[in-house]
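Taking it in order: structure first as structure tokens, then the write-up.
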Amino acid sequence: DIKGFAFDLDGVIADTARFHGQAWHQTADEVGTTWTPQLAESLKGISRMESLQMILDAGNHADDFSQADREALAEKKNHFYQRLIATLTEDDILPGMKSFIHSAKVAGYKMSIASASKNAPMILDHLGLANDFVGIVDPATLTKGKPDPEIFVRAAEVLELAPNQVIGLEDSAAGIESINSAGQISLAIGDAVVLSAANLIFSSTVDVTLQSIQSKMDKIKS
Ligand code: G16
Ligand code: MG
């Protein structure tokens, strides 16, 4: 039986991708890489330093920046990003997710956060959701990012549940792969073609309810 949920943050609980995009766009301009929607999309779910590497690679600038330069660029990006996320309020929770999280809590499910973002605690605070989760996996303690299972394995440990008692929620293909390899049930939100590896697929956050999850689970079993 399902006893808990492990949530990705960006793209599942809030649309912080637009803020990452704004901040990285500024970094791309600074290093001389052309900013494109494709580049923006490819950074979703990717850690801060790896995202910077991809921006440098996209403009063939990887050899022009030392480790110290990179750390300065990443820190500058993060400061700009933190100014943007400081404006978040509970109105920025993606449609339906506030009521889903609250109804899951009332129904006795335990919930944790499996986000690559080191800013997750601050974001949850601004969204008014900080008290709804048993714990947040600290991405600084991970050896590998998504699609490696490590982050979702840790998210189930935080819940003190076995993998098959947990549903992982994700909007990225790398995240779904991570959930599947962790032995959990994967719930995808987004494009059914991109996220076809998921056990349960929803096109939008508004469709995610305890009832709709149950009915999709029943269909898998039968
Ligand atoms: C998020 C975003 C990524 C971002 C990463 C690290 O992942 O999707 O674009 O680079 O976190 O964020 P930060 O720089 O705040 O540590 P997720 O896993 O919540 O989708
Ligand atoms: Mg995401």
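The values are calculated or read from the model by the stated rules, or taken from the named source; none is laboratory data. Every value quoted in this text rests on a predicted model; they were computed, and no experiment measured them. Don't worry about glycine lacking a Cβ; one is built from the backbone with ideal geometry, like all the others, and counts go over all protein chains shown.
Brief remarks on what is shown
- First in the range 114-131 and in contact (Cβ under 8 Å) with a residue 24 or more places away in the chain, second anywhere and part of a helix (DSSP H, G or I) and charged (D, E, K, R), Cβ under 6 Å, 6 or more apart: L127/E90; G128/E90
- Enumeration of residues in the range 137-153 that are within 15 Å of S181 (Cβ to Cβ) and either touching a residue at least 40 places away in the same chain (Cβ under 8 Å) or in a loop (DSSP other than H, G, I, E, B) (or both): L142, T143, K144, G145, K146, P147, D148, P149, F152
Let's see how each residue does on (1) more than 10 Å from ligand 1 (Cβ to nearest atom); (2) surrounded by 22 or more Cβ atoms within 10 Å (Cβ to Cβ):
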{"site": "A17", "(1), (2)": "no, no"}
{"site": "G21", "(1), (2)": "no, no"}
{"site": "W24", "(1), (2)": "no, yes"}
{"site": "V31", "(1), (2)": "yes, no"}
{"site": "L43", "(1), (2)": "no, no"}
{"site": "S47", "(1), (2)": "no, no"}
{"site": "E50", "(1), (2)": "no, no"}
{"site": "G59", "(1), (2)": "yes, no"}
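- Exactly one residue out of S51, S42 is modelled with pLDDT of 95 or more and closer than 30 Å to V206 by Cβ: that is S51.
- The single residue among F152, F100 that is of a type in the set (F, W, Y) and either within 14 Å of ligand 2 (Cβ to nearest atom) or surrounded by fewer than 20 Cβ atoms within 10 Å (Cβ to Cβ) (or both) turns out to be F152.
- Among the residues making up the range 112-144, a single one is within 12 Å of the chain's Cα centre (by Cα) and surrounded by fewer than 18 Cβ atoms within 10 Å (Cβ to Cβ): K118.
- Members of the range 1-15 that are away from ligand 1 (no atom under 11 Å from the Cβ) and either in contact with a His (Cβ under 9 Å, 6 or more places away or on another chain) or at pLDDT 95 or above (or both): I2, K3, G4, F5, A6
- Filter result for V193 (among the aliphatic types (A, V, I, L, M), out of contact with any strand residue (DSSP E or B) (no Cβ under 7 Å at 6 or more places or on another chain) and at pLDDT below 95): yes
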